[in-house]
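Undergrad: Handing you this structure, nothing more for now.
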């Protein structure tokens, strides 16, 4: 079911691996031209354009875009008690981990009387996107909201697509998760139109219903249309990433349990037909055993058709290598969203990983733990972006501002160098700004 890429007998370099390793086809540039008119329409017509897009793409026109407070409260009242308990545990663990990510201001004395302080300031207002569609993602509410709150963001709004089956409101479990986190600004909108609404804001209605204030930053996973809208509007808004289909890579040796490996590959493949599942191993015997276990388990899983499409697609593969050293080169080049290490001395091997959104070490740390209740964040870089980007965290919602404070004596001490460098760059007015204060430096 899963294609095989045999790299045994050679040690490919980064360039060859980038060209060879499986990737989902995701043409954001092509999608860009399709979302541009949607985003332009929202900028021009506001809420009416969002409602028209919802009717067109989601098959439902909500009676209002802002979800009423009683609908949110009712969703929490109707939440299954076991789901509520699980969400509360997920929230508690996420808060524990993310609380340790908070930054403190740092003041450096560069010279007597001259200091530079790095001050960490939260973004004023953020828009948090929670996908809908094939699955329900209350966990994404948790992963977006918790770090934003702990960063000290003063104003946040959640958007999730309207659902025909729930009266045009987002899924009630998503609304209940918002209620558990004390989020009262929730919008029934999805796709590119939601990103555009966050970016441009929406006027209130004549009947007095509230408008949507523009945000400074949009975070959260979504489909290709969400990614394209983020790319289009980046600059007007900040974004966390252009998230693509989910990925799992597993680096395993002969000590790995093939049933565990197969179950974990399938667990991510059920997200989406474009989800990527990659096993990298130096054991042909393990590869064969995993293939057999996958075949058997796929037939029994609920979303077998979706999983089959994912595992048999060009984005998934079993990669055979000669050694774990080569396997590490492969996974570091692939830079998976989720990377599991199932080897002897897994912690030692994991310490050599440089590129991954999140690393899951050993038999008892499956990716699904991180999706829900590990305390880590599951909004992670995809498509190889983990070579330069991080997952969502408290820092995602903070900006570092340098505060410079020099006394007269401190400026006098270094001012001559400022004048010299300004003249060297043919920007003499820069130096004149110092000379205006200290004429003796002329």
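Undergrad: Can you pull out the helices (runs of 4 or more DSSP H) entirely within segment 295-351 that have at least 3 residues that are over 19 Å from residue 361 (Cβ atoms) and touching a helix residue (DSSP H, G or I) at 6+ places or on another chain (Cβ under 8 Å)?
TA: 304-312
Undergrad: Residues 170, 221: which one is assigned to a loop (DSSP other than H, G, I, E, B) and at pLDDT 95 or above?
TA: The conditions single out 170.
Every residue, every condition in (1) surrounded by fewer than 22 Cβ atoms within 10 Å (Cβ to Cβ); (2) in contact (Cβ under 8 Å) with a residue 24 or more places away in the chain; (3) in the same structural domain as residue 65 (by TED's automatic domain parsing); (4) farther than 15 Å from residue 125 by Cα, yes or no:
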residue: 174; (1), (2), (3), (4): no, yes, yes, yes
residue: 184; (1), (2), (3), (4): yes, yes, yes, no
residue: 193; (1), (2), (3), (4): no, yes, yes, yes
residue: 214; (1), (2), (3), (4): yes, yes, yes, no
residue: 219; (1), (2), (3), (4): no, yes, yes, no
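Undergrad: Follow-up question, since we're still on this one. Please pick out the residue among 403, 418 that is assigned to a helix (DSSP H, G or I) and either over 30 Å from residue 126 (Cα atoms) or in contact (Cβ under 8 Å) with a residue 24 or more places away in the chain (or both).
TA: It is 418.
Undergrad: I'm told residue 66 meets every condition in (1) closer than 26 Å to residue 145 by Cβ; (2) touching a helix residue (DSSP H, G or I) at 6+ places or on another chain (Cβ under 7 Å); (3) surrounded by 17 or more Cβ atoms within 10 Å (Cβ to Cβ) except one. Can you identify the failing condition by its number?
TA: It is condition (2) that residue 66 fails.
Undergrad: Any idea how many residues of segment 337-351 are closer than 15 Å to residue 388 by Cβ and free of Cβ contacts under 8 Å to residues at least 12 places away in the same chain?
TA: Of the residues in that region, 0 qualify.
Undergrad: Can you report the number of residues in segment 352-385 which are assigned to a strand (DSSP E or B) and in contact (Cβ under 8 Å) with a residue 40 or more places away in the chain?
TA: 0
Undergrad: Regarding segment 267-284, can at least one residue be identified that is in contact with a strand residue (DSSP E or B) (Cβ under 9 Å, 6 or more places away or on another chain), assigned by TED's automatic domain parsing to the domain that holds residue 47, surrounded by fewer than 24 Cβ atoms within 10 Å (Cβ to Cβ) and assigned to a helix (DSSP H, G or I)?
TA: no
Undergrad: Anything in segment 247-266 that is closer than 12 Å to residue 338 by Cα and part of a strand (DSSP E or B)? List them, or say none.
TA: Correct list: 247, 248, 249, 250, 251.
Undergrad: Test residue 290 against the criterion of being farther than 22 Å from residue 11 by Cβ, touching a strand residue (DSSP E or B) at 6+ places or on another chain (Cβ under 9 Å) and crowded, with 24+ Cβ neighbours inside 10 Å, and give yes or no.
TA: In short, yes.
Undergrad: Applying the selection to segment 221-236, what residues are over 28 Å from residue 307 (Cβ atoms), touching a residue at least 60 places away in the same chain (Cβ under 8 Å) and surrounded by fewer than 24 Cβ atoms within 10 Å (Cβ to Cβ)?
TA: 231, 232, 233, listed by residue number.
Undergrad: Working only within segment 53-80, note down all residues that are within 26 Å of the chain's Cα centre (by Cα) and farther than 9 Å from residue 179 by Cβ.
TA: Matches in segment 53-80: 53, 54, 57, 58, 65, 66, 67.
Undergrad: Among 92, 99, which is the only one that is in contact with a helix residue (DSSP H, G or I) (Cβ under 9 Å, 6 or more places away or on another chain) and surrounded by 12 or more Cβ atoms within 10 Å (Cβ to Cβ)?
TA: Of the residues listed, the single one that is in contact with a helix residue (DSSP H, G or I) (Cβ under 9 Å, 6 or more places away or on another chain) and surrounded by 12 or more Cβ atoms within 10 Å (Cβ to Cβ) is 99.
Undergrad: Restricting the search to segment 123-156, which residues are surrounded by 20 or more Cβ atoms within 10 Å (Cβ to Cβ) and part of a strand (DSSP E or B)?
TA: Selection gives 126, 127, 128, 129, 156.
Undergrad: Now for a different question. Do we find that residue 199 is assigned to a helix (DSSP H, G or I) and either buried (at least 24 other Cβ atoms within 10 Å of the Cβ) or touching a helix residue (DSSP H, G or I) at 6+ places or on another chain (Cβ under 8 Å) (or both) in this structure?
TA: yes
Undergrad: So, of the residues in segment 13-50 that are without any contact (Cβ under 8 Å) to a residue 60 or more places away in the chain and under 20 Å from residue 281 (Cβ atoms), which turns out to be surrounded by the most Cβ atoms within 10 Å (Cβ to Cβ)?
TA: Ranking the candidates gives 20 first.
Undergrad: Let me ask another. Within segment 313-336, does at least one residue satisfy the condition of being in contact (Cβ under 8 Å) with a residue 40 or more places away in the chain, under 24 Å from residue 386 (Cα atoms), exposed (fewer than 15 other Cβ atoms within 10 Å of the Cβ) and under 27 Å from the mean Cα position of the chain (by Cα)?
TA: Yes: one or more hits.
The values are calculated or read from the model by the stated rules, or taken from the named source; none is laboratory data. Everything numeric in this text was worked out from a predicted model, so none of it was measured. A quick note on method: Cβ atoms are made from the backbone with ideal geometry, for glycine too, and the neighbour counts reach across all protein chains shown.
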